[in-house]
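Each value in this text was obtained by applying a stated rule to the coordinates, not by laboratory testing. Remember, it's a predicted structure, so these values are computed and weren't measured experimentally. Glycine gets a Cβ as well: all are built from the backbone with ideal geometry, and neighbour counts include every protein chain shown.
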Amino acid sequence: MKPDQQPEILKRLRCAAGHLNAVIEMTETEKPCEQILHQLNAVQAALDAVGLRMLICQVKASEALILNSTCPNKRVNELKRLQSLYTIRKHKTSL
């Protein structure tokens with residue numbers, strides 16, 4: 001991860017942590033399930049935003065290898081790795 005990407009990612013992770021702490025507190029104080037579900041939705045949205053940022057970060061990091069490598073196998077392997085990361089992220093957000 002490049003240093004210029006870290007602040008935004010950390011901001012979003014802290015946001016998710018705040019929402020998750022709220023969910024824990026709400027559960028401990030036996031708040032209604034509906035309220036807890038709304039907070040869980042906020043946690044998931046924050047984590048989805050982080051996942052997207054991380055995926056974009058990795059794509060940018062892989063770009064030079066994919067475009068400039070003289071070894072076709074390295075390019076193919078990197079594309080497969082990115083595809084795998086995309087599939088993991090897509091699967092998590094579609095559950």
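Taking the condition in a helix (DSSP H, G or I), surrounded by 16 or more Cβ atoms within 10 Å (Cβ to Cβ) and over 12 Å from the mean Cα position of the chain (by Cα), does residue 57 pass?
Against the criterion (in a helix (DSSP H, G or I), surrounded by 16 or more Cβ atoms within 10 Å (Cβ to Cβ) and over 12 Å from the mean Cα position of the chain (by Cα)), residue 57 does not qualify.
Output the residues belonging to segment 57-85 that are of a type in the set (Gly, Ala, Ser) and under 21 Å from residue 4 (Cβ atoms). Matches in segment 57-85: 61, 62, 64.
Screening segment 12-53 for residues that are under 21 Å from residue 89 (Cβ atoms) and basic (Lys, Arg) and picking the one that is farthest from the chain's Cα centre (by Cα) gives 14. Kindly establish whether residue 75 is among the basic types (Lys, Arg), touching an Asp or Glu at 6+ places or on another chain (Cβ under 9 Å), in a helix (DSSP H, G or I) and without any contact (Cβ under 8 Å) to a residue 40 or more places away in the chain. It is false that residue 75 is among the basic types (Lys, Arg), touching an Asp or Glu at 6+ places or on another chain (Cβ under 9 Å), in a helix (DSSP H, G or I) and without any contact (Cβ under 8 Å) to a residue 40 or more places away in the chain.
Out of segment 34-48, which residues are surrounded by 15 or more Cβ atoms within 10 Å (Cβ to Cβ) and among the charged types (D, E, K, R)? Across segment 34-48, the qualifying residue is only 48.
Quick check: anything in segment 3-11 part of a helix (DSSP H, G or I), of a type in the set (D, E, K, R), closer than 19 Å to residue 85 by Cα and within 14 Å of the chain's Cα centre (by Cα)?
no
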